[in-house]
Amino acid sequence: MKNILFVLVLFINGQNLILFAQNDTIPKQNFTKNNSFLKRSAVPLTMIGTGLVINYASGSIGKENIQEKIQSSLDNFHTNAENYLMFAPTITMYTADLLKVKNKNDAFTQTKYLAIAGIANNLITFGLKHLTNEERPNGEPYSFPSGHTSNAFVMATVLHHEFINSSPVLAYSGFAFATTTGVFRVLNNKHWVSDVLVGAGIGILVTDLVYRFEPLKNWDPFKDKKYHSLIISPTYQNDQLGLYANLQF
């Protein structure tokens, strides 16, 4: 149990750092946009750095030793919850949109930035998986970094950017789902602690960069077209969770 708490503390402390750093960087007259971004970047970079140290260290702080202690405290723990929890921030965001909660961008722009961040994140994450080709604690390949975790933190960070100024509790709720996703990957013996820390850091950093530079900011094919309704809802089919969108003109 102490070792499970250790994993939770790693992530909870990381989220506390996010809460502190990002609250501290709410735009003020005496801070520039660049300074705010650099301060926010300190959190994911610290997570990535910590993960790298654990990944390549030996002894008590090495990933093998940490994983052994965690697994020795478990009794055949297994869950598939992380396969669905990772999508919770995105489902939360679109639900808030439908409920007319004040947000930063419209649904199309949210989806655009989510897609750009997701593509960039997966190119980095899966590129690193094949480059490093590290073995998972259960013996399977492509361990480093965790794709589930990086994608979960992309979705959580998009939710954060969209609602931090109007509903902070809603904005930070995504990090709870993303953190749980990462913790379950470790408890299920699918990933090392180092994998999920680096994955989380990459997901946050990539999404922050997307919102910093706002690529394709003015691209909106629906901007000058009138439509009657936009319906976005979660779907579940063939053991796969996804999103359904219906735009009616």
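The values are calculated or read from the model by the stated rules, or taken from the named source; none is laboratory data. The shown structure was predicted, so the numbers you read here are calculated from the model rather than taken from an experiment. Positions of Cβ are backbone-derived with ideal geometry, glycine not excepted, and every protein chain shown enters the neighbour counts.
The table below lists the values:
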| item | result |
| --- | --- |
| Filter result for the condition that a residue is at pLDDT 95 or above, assigned to a helix (DSSP H, G or I), under 17 Å from the mean Cα position of the chain (by Cα) and crowded, with 17+ Cβ neighbours inside 10 Å, over 161, 191 | 161 |
| Filter pass, residue 177 being in contact (Cβ under 8 Å) with a residue 60 or more places away in the chain, among the hydrophobic types (A, V, I, L, M, F, W, C) and not in a helix (DSSP H, G or I) | no |
| Among residues of the stretch 135-158, those that are over 8 Å from the mean Cα position of the chain (by Cα) and touching a residue at least 60 places away in the same chain (Cβ under 8 Å), counted | 5 |
| Every residue from the stretch 164-174 that is within 16 Å of the chain's Cα centre (by Cα) and either assigned to a helix (DSSP H, G or I) or crowded, with 23+ Cβ neighbours inside 10 Å (or both) | 170, 171, 172, 173, 174 |
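For every residue, the table says whether it meets (1) at pLDDT 95 or above; (2) closer than 29 Å to residue 135 by Cβ.
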{"residue": "9", "(1), (2)": "no, yes"}
{"residue": "12", "(1), (2)": "no, yes"}
{"residue": "17", "(1), (2)": "no, no"}
{"residue": "28", "(1), (2)": "no, no"}
{"residue": "59", "(1), (2)": "no, yes"}
{"residue": "64", "(1), (2)": "yes, yes"}
